[in-house]
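So the structure is just underneath, and the comments pick up after that.
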Amino acid sequence: MKTTILGYPRIGNKRELKKACEQYWSEKTDLESLQKTASEIKRKNWLQQQEIGIDLIPSNDFSFYDQVLDMCFSLGCIPERFKSIDQNDTSKLYLAMARGLQENGIDVTAMEMTKWFDTNYHYIVPEFEKNQSFSFFSRKVIDEYQEALNLGIKTKPVLIAPVTFLLLGKEKETGFNRMDLLKNLLPVYFEFIEELVQLGVEYIQFDEPCLALDLNDNERQAITSTYQQIAQKFPSLKIYLANYFDCYGENLETALNLPVDTLHLDLVRCSLQLDDILNSEHYNPKTKLALGIVDGRNIWKNDFEASLKTIVKASEKIPSENLWIAPSCSLLHVPYDLEHEQNIDPNIKQWLAFAKQKLEEVIALKNLASNENESFLYLFEENKLANINKQQSKLIHNEAAKNRILNLKASDSLRNSTFPERQQKQKQALNLPLYPTTTIGSFPQTKEVRSWRLKHKKGLLPTPDYDKLIANEIKASIRFQERIGLDVLVHGEFERNDMVEYFGENLNGFAFSDFGWVQSYGSRCVKPPILFGDVSRKNAITVKWSAYAQSLTNLPVKGMLTGPVTILQWSFVRNDQPRATTCNQIALAIRDEVADLEKNGLKIIQIDEPAIREGLPLKKSEWNKYLNWAVNAFKISASVAKDDTQIHTHMCYSEFNDIISSIADMDADVITIETSRSEMELLDAFVNFKYPNEIGPGVYDIHSPRVPSLEEIEHLIHKAKRVLPKEHIWVNPDCGLKTRDWPETKSALENLVSVAKKLRKEETVPA
Ligand SMILES: CN1c2c(nc(N)[nH]c2=O)NC[C@@H]1CNc1ccc(C(=O)N[C@@H](CCC(=O)N[C@@H](CCC(=O)N[C@@H](CCC(=O)O)C(=O)O)C(=O)O)C(=O)O)cc1
Ligand SMILES: N[C@@H](CCS)C(=O)O
Ligand SMILES: [Zn+2]
């Protein structure tokens, strides 16, 4: 039995890469210094895995920004608009693809970003044209293999497999299917493989997570043909086929018939597939199985007793030299090292395992399963104790929270009246103009604001002083919004470290790490709270700052809440009860907050649900079940509102077409969505469905410091006007402005308001 992993976190133990990238991007350091940081991170990662005893260590799992972007770059899949950049200036080109570029007359937008399967990690979407060509453009995969080899480590290079690479991308013109590009693409993969094999590579890991999706016959056939060709051309190469995040499902037969050395199984997400495989007539006993048994998506300690039963079951049918023990997926999605944490309650800390501890678990499982090393027996006992302790812990269980769920009634998810009736009442209560303008909630989280929070956290800034600084920011933002003429104001979210962590901090059932950072996109990281127990509200969470903001102005201020599905989705959640139950507990806490905001004079309340789409199961057959409970949880949180309280929701990074009827079922009075980057393409779903409630399609791409011109904004609103009733249209940015700086935010919002005013005027003046 051997051990391996699919990938390791790459931001550095203390987010060194984030800091180095941001310094380089702002021209405070040079490329050499950034590369030095990167090499150091890779070196430490490899040596740590080696020291802990991982047999087969991956390379090319590092990235300066994103692994899919790296693949585009390696394969020379560079969209036409970047050809104006010197193709030899590879670092500038790479950065432009990731973040866009505006300099010396060059003005190119970044490539699109979207969610990596059902995670909160965002990848850069490959763009394909009909006659797309590919070339051996970057040597990163080779160089990283060499880099590890120089340390004496013979790694398993990781490549995003050809078919998954194509499926992750988008056709940028009509008249072709991206799968047709496989024949152009494969020769470049062969070049990489050839060079790696020449260098003595034994294993290559082909990441093929599209095998967890519903594939059609053509796609399955493409996968078969790909591996047949690779195996034929490189008979000595051992192919490690990595599927993760769900079962092979309908693709299992295809997978079992592939000429690969090893088939990786995510046994955390799909524990039953081991039996399916062991009993399948298609399983070739010579194919090695990698038992992905340590959870790569969550931070709970493994259950050794249960895992060992699985390993034993496998080893009864398969010789142990044909088995790998591994985490379920790349460890990219969990933080580095629990040992850094000094402030987690020790009772809870003993239940946790971060990336480094997961490596140790993989090794312990191998040793326990092979009975070779008795010194590991104490780890078994320790693990068993920790898990028993967790099951029985008083910290987890709260009878009142459990009872509230049991007492939920169908009417708790329903507003008092239908949308048209509410709309009338809200019109009277709010008296908003046509094309009301608003923002999505956050204003720039400047270095200064973050530094106050850090000082406050460290005890260097007393709470009254911190509160005063936050109050001043809120006041300045209210005055700014009044001055430029926005109609519905926000307080700006200055007091929040993150839209999920902040809520977790005010709810029972959550714990927090100090260094538990996980990459979200590029240099941006999140520190997901740890949802370990029954959830209930400790106290009112947002009322103080929202009510304060409302007290400063006669214009309506929107109370700003994060919705239950998003809090669930962006936390490390308990694995001892169904997600739906946990979600309902959060929903009830948010419901209490809605009621309190209303009582305190907030007439508009936004409940953000940007993660509702990302929570969709990967297999369509499971969508309805999820959507039913997810939509219902949102409705539980919103339905306490009176008819004349206007409930908004907000979604971003989402395709809406296939879930539009569920979005309509949420019955928010207003939904604001991200649409500007797709030139309103994402609005089609709402139009085709005849979405009945009000909509704010984003007209300002907040991902870029670029200030949208008056013409661009007007063009986008006109597009919306052509397809939506004008009484239903709101004018707003795509998403919150926390990652922006003030100068561009001010100019962009001034433009946005002035276009809305112009259009309003045109509507009232008869032609
Ligand atoms: C809207 N999005 C969000 C997602 N997920 C979330 N959990 N939250 C989101 O808002 N997913 C989808 C999208 C896009 N994703 C992101 C993810 C992350 C950011 C972002 O801006 N992250 C910040 C960190 C935010 C944070 O928690 N800040 C804390 C801690 C600040 C900090 O780093 N302090 C430093 C010192 C700071 C200083 O002195 O300058 C330290 O502790 O060392 C806070 O504000 O208190 C990031 O920088 O990565 C955006 C979108
Ligand atoms: N209210 C949040 C939503 C982000 S998705 C914000 O404005 O940052
Ligand atoms: Zn958003």
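The values are calculated or read from the model by the stated rules, or taken from the named source; none is laboratory data. The structure displayed is predicted, hence computed values, not measured ones. As a convention, Cβ positions derive from the backbone with ideal geometry for all residues, glycine included, and neighbour counts pool all protein chains shown. Surface areas here come from the heavy atoms of the whole protein model, side chains and all, with no ligands, DNA or RNA. Shrake-Rupley method; radii C 1.70, N 1.55, O 1.52, S 1.80 Å.
For this structure, a couple of remarks:
- Condition met for ALA587 (more than 16 Å from ligand 2 (Cβ to nearest atom), open to solvent by less than 40 Å² (accessible area, probe 1.4 Å), in contact with a helix residue (DSSP H, G or I) (Cβ under 6 Å, 6 or more places away or on another chain) and at pLDDT 95 or above): yes
- Of the residues making up segment 354-407, not one is of a type in the set (Asp, Glu), at pLDDT below 95 and either under 30 Å from the mean Cα position of the chain (by Cα) or surrounded by 15 or more Cβ atoms within 10 Å (Cβ to Cβ) (or both).
- The set of residues in segment 651-679 being more than 14 Å from ligand 2 (Cβ to nearest atom), open to solvent by 10 Å² or more (accessible area, probe 1.4 Å), at negative phi and part of a loop (DSSP other than H, G, I, E, B) consists of GLU655, SER676, ARG677, SER678.
- Residues of segment 52-102 that are without any contact (Cβ under 8 Å) to a residue 40 or more places away in the chain and open to solvent by 60 Å² or more (accessible area, probe 1.4 Å): ARG81, LYS83, SER84, ASP86, ASN88, LYS92.
- Of the strands (runs of 3 or more DSSP E) entirely within segment 447-532, those holding at least 2 residues that are more than 16 Å from ligand 2 (Cβ to nearest atom) and under 25 Å from TYR121 (Cα atoms) occupy 507-511, 518-521.
- Identity of the residue in segment 403-445, hydroxyl-bearing (Ser, Thr, Tyr) and over 26 Å from TYR700 (Cα atoms), that ends up nearest to ligand 2 (Cβ to nearest atom): SER413
- None of LYS83, LYS92 is basic (Lys, Arg) and farther than 21 Å from LYS170 by Cβ except LYS92.
- Of all the residues in segment 1-25, those that are assigned to a loop (DSSP other than H, G, I, E, B) and either open to solvent by 60 Å² or more (accessible area, probe 1.4 Å) or among the aromatic types (Phe, Trp, Tyr) (or both) number 2.
- Residues satisfying the criterion are present in segment 731-738 (criterion: more than 16 Å from ligand 1 (Cβ to nearest atom), in the same structural domain as VAL500 (by TED's automatic domain parsing) and surrounded by 14 or more Cβ atoms within 10 Å (Cβ to Cβ)).
- Sub-6 Å Cβ pairs linking a first residue in segment 709-721 that is open to solvent by 40 Å² or more (accessible area, probe 1.4 Å) to a second residue that is assigned to a helix (DSSP H, G or I), at least 6 apart or interchain, are LEU710/ASN751; LEU710/VAL755, ordered by first then second residue.
- Counting only strands (runs of 3 or more DSSP E) that sit completely within segment 88-166, those holding 3 or more residues that are within 26 Å of TYR203 (Cα to Cα) correspond to 156-160.
- In segment 590-617, the residues that are open to solvent by less than 20 Å² (accessible area, probe 1.4 Å), in a loop (DSSP other than H, G, I, E, B) and either away from ligand 3 (no atom under 16 Å from the Cβ) or on the phi > 0 side of the Ramachandran plot (or both): LEU602, LEU616
- Of the candidates PRO327, PRO335, PRO319, PRO285, the single residue that is within 25 Å of the chain's Cα centre (by Cα), in the same structural domain as VAL268 (by TED's automatic domain parsing), within 20 Å of THR262 (Cα to Cα) and not aliphatic (A, V, I, L, M) is PRO327.
- Filter result (in contact with a strand residue (DSSP E or B) (Cβ under 8 Å, 6 or more places away or on another chain) and in a helix (DSSP H, G or I)) within segment 215-258: TYR227, ILE230, ALA231, ALA255, LEU256
- One residue from ASP217, ASP276, ASP261 being without any contact (Cβ under 8 Å) to a residue 60 or more places away in the chain and closer than 27 Å to ASP180 by Cβ: ASP217
- Any hit, segment 426-439, residues being within 16 Å of ligand 1 (Cβ to nearest atom) and either touching a residue at least 12 places away in the same chain (Cβ under 8 Å) or in contact with a helix residue (DSSP H, G or I) (Cβ under 7 Å, 6 or more places away or on another chain) (or both): yes
- Among the candidates SER536, SER546, SER513, SER523, residue that is small (Gly, Ala, Ser) and either open to solvent by 20 Å² or more (accessible area, probe 1.4 Å) or within 16 Å of ligand 3 (Cβ to nearest atom) (or both): SER536
- Yes/no for ARG706 being open to solvent by 20 Å² or more (accessible area, probe 1.4 Å) and away from ligand 2 (no atom under 16 Å from the Cβ): yes
- Index of the failed condition, ASP643 passing every other in (1) surrounded by fewer than 24 Cβ atoms within 10 Å (Cβ to Cβ); (2) within 16 Å of ligand 2 (Cβ to nearest atom); (3) not aliphatic (A, V, I, L, M): (2)
- Residue match in segment 742-755 (condition: touching a residue at least 12 places away in the same chain (Cβ under 8 Å), in a loop (DSSP other than H, G, I, E, B) and of a type in the set (A, V, I, L, M)): no
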